[in-house]
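Have a look at the structure below before the remarks.
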Amino acid sequence: MSELLMVEQRQGLDDDAFWVREGDRRIPGQDGNRRLVELRAGLVRHSRVRPVLADAPDAEVERTLAVLHEAEYLRALAELSGAEPVVMPDFAPPGLEPDIPVNANLIAAAREGIRTSITAAERLLGGAQFTYAVCRPPGHHAGPAFHAGYCYLNNAGAAVRRLSEGGLKPIGIIDLDLHYPNGTSALVERMGPVAALHSLHAAPVTNLPPGTRLPRLAGERAVAFLESPDEDTYLAEVAHSIHDLAEIARALVVSLGYDTVAGDPHGGWSFRPEIFAEIGRLLARSGLPICVIQEGGYALDELADCSHAFATGLLGGDER
């Protein structure tokens with residue numbers, strides 16, 4: 001029976017590193033350390049989830065970052081010092097005001113997220129069927145030289161790049177976060193052979209980010225919902241994407257966000273945690289090796305139920 005390797009990040013992140021700007025005020029962000037605690041708690045309730053610690057070497061992290069992100073951007077992040085967060089307006093994505101902070105501690109944690117994602121990809125190359133990078137901060141809004149939405153370095157891109165270099169290509173990417181993956185879309189050409197990028201998200205006219213790029217790949221599929229869809233409609237679209245990707249890809253990288261559940265402070269949709277069990281089942285039925293990368297999800301009281309439901313769907317209902 002298959003197991004899920006849960007790859008844990010080596011370094012945490014101080015909760016007060018995250019804040020957002022609202023006019024002249026600084027207000028706390030939602031990406032607190034409790035997110036990782038809850039995500040892990042839900043996953044390990046399943047007897048076939050095995051925790052492993054991220055162990056990709058520093059040299060691999062550096063090489064991957066140099067491929068994915070512009071040198072000027074990486075230099076600016078490396079030059080940050082101290083714990084006081086600063087806003088970097090030169091590195092905001094097109095159409096967005098710079099409203100999230102960066103400090104040295106945060107970037108150190110983001111780099112550990114890259115290490116975690118590379119490790120998850122390497123375990124897939126080593127023969128695992130399912131891996132899950134439990135990383136924080138998320139990454140799918142981080143592009144070649146921009147950051148947004150709590151995302152600074154692109155974790156999914158790191159996983160795709162490592163899988164491609166290891167010969168498991170082409171890769172299909174499916175993003176199941178509430179928000180459109182503008183960073184991942186902008187990085188597709190840097191990742192290596194990508195079969196297609198599929199995304200199911202809230203329409204950018206109603207949510208972050210406020211604009212989308214035209215598809216960069218033949219077969220790219222972006223399904224945008226103007227309001228919260230019912231669960232059956234959403235699952236039908238997920239099944240459609242997984243089926244199409246399974247026809248052309250040798251493995252899947254899944255950018256998984258739990259910000260679609262009711263009550264998420266950065267959401268607006270109304271899904272139940274149980275929907276992730278069906279998403280897990282649909283992914284398992286693809287028959288492909290699957291590397292999951294954690295993206296959003298900020299309804300803290302729901303996260304353990306979300307991650308547990310996902311593991312149960314992916315692996316079957318064997319609980320501790």
Out of everything in segment 78-93 that is of a type outside the set (A, V, I, L, M) and touching a Phe, Trp or Tyr at 6+ places or on another chain (Cβ under 8 Å), what residue ends up being surrounded by the most Cβ atoms within 10 Å (Cβ to Cβ)? PRO93
Residues (modelled with pLDDT under 95 and small (Gly, Ala, Ser)) located in segment 24-71: GLY29, GLY32
Determine if segment 119-126 includes at least one residue that is among the polar types (S, T, N, Q) and under 20 Å from ARG40 (Cβ atoms). yes
Which residues, taken from segment 122-144, are buried (at least 24 other Cβ atoms within 10 Å of the Cβ) and of a type in the set (S, T, N, Q)? THR131
Test set (1) among the β-branched types (Val, Ile, Thr); (2) under 30 Å from PRO204 (Cα atoms); (3) in contact with a Phe, Trp or Tyr (Cβ under 9 Å, 6 or more places away or on another chain) - VAL49 fails condition number: (2)
Tally the residues that are in a loop (DSSP other than H, G, I, E, B) and among the hydrophobic types (A, V, I, L, M, F, W, C), restricting the search to segment 80-104. 7
Just the residues that are closer than 17 Å to GLY139 by Cβ and either under 19 Å from the mean Cα position of the chain (by Cα) or not in a helix (DSSP H, G or I) (or both), please, taken from segment 59-79. VAL61, THR64, LEU65, VAL67, LEU68, HIS69, GLU70
(1) farther than 30 Å from PRO289 by Cβ; (2) crowded, with 24+ Cβ neighbours inside 10 Å: which one isn't true of HIS147, the others all being true? (1)
Report, ordered by the first and then the second residue, all pairs with beta carbons closer than 6 Å, sequence separation of six or more or different chains, a first member in segment 258-286 that is at positive phi, and a second member that is crowded, with 19+ Cβ neighbours inside 10 Å. GLY263/ALA299
Taking segment 283-300 on its own, how many of its residues are surrounded by fewer than 24 Cβ atoms within 10 Å (Cβ to Cβ) and either in contact with a Gly (Cβ under 8 Å, 6 or more places away or on another chain) or at pLDDT below 95 (or both)? 5
Kindly provide the set of residues from segment 232-267 that are in contact with a strand residue (DSSP E or B) (Cβ under 6 Å, 6 or more places away or on another chain) and of a type outside the set (D, E, K, R), ordered by number. SER241, LEU245, ILE248, ALA249, ALA251, LEU252, VAL253, VAL254, SER255, LEU256, THR260, VAL261
Residues located in segment 36-58, provided they are in contact (Cβ under 8 Å) with a residue 24 or more places away in the chain, in a helix (DSSP H, G or I) and among the hydrophobic types (A, V, I, L, M, F, W, C): LEU36, LEU39, ALA41, LEU43
Quick check on ARG162: is it surrounded by 24 or more Cβ atoms within 10 Å (Cβ to Cβ), over 25 Å from ALA202 (Cα atoms) and not aromatic (Phe, Trp, Tyr)? yes
The listed residue being over 17 Å from ASN155 (Cα atoms) and among the hydrophobic types (A, V, I, L, M, F, W, C), out of LEU77, LEU96: LEU96
Which one of ALA236, ALA246 is surrounded by fewer than 24 Cβ atoms within 10 Å (Cβ to Cβ), assigned to a helix (DSSP H, G or I) and in contact (Cβ under 8 Å) with a residue 60 or more places away in the chain? ALA246
Of the conditions (1) within 28 Å of PRO204 (Cβ to Cβ); (2) at pLDDT 95 or above; (3) in a helix (DSSP H, G or I), the single one that LEU153 does not satisfy is (3)
So ARG75 passes all but one of these: (1) modelled with pLDDT of 85 or more; (2) more than 22 Å from LEU256 (Cα to Cα); (3) surrounded by 13 or more Cβ atoms within 10 Å (Cβ to Cβ). Which condition number does it fail? (3)
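The values are calculated or read from the model by the stated rules, or taken from the named source; none is laboratory data. Keep in mind that what you see is a predicted model, and the values were worked out from it rather than measured. Reconstructed Cβ throughout: ideal geometry from the backbone, glycine too, with neighbour counts over all protein chains shown.
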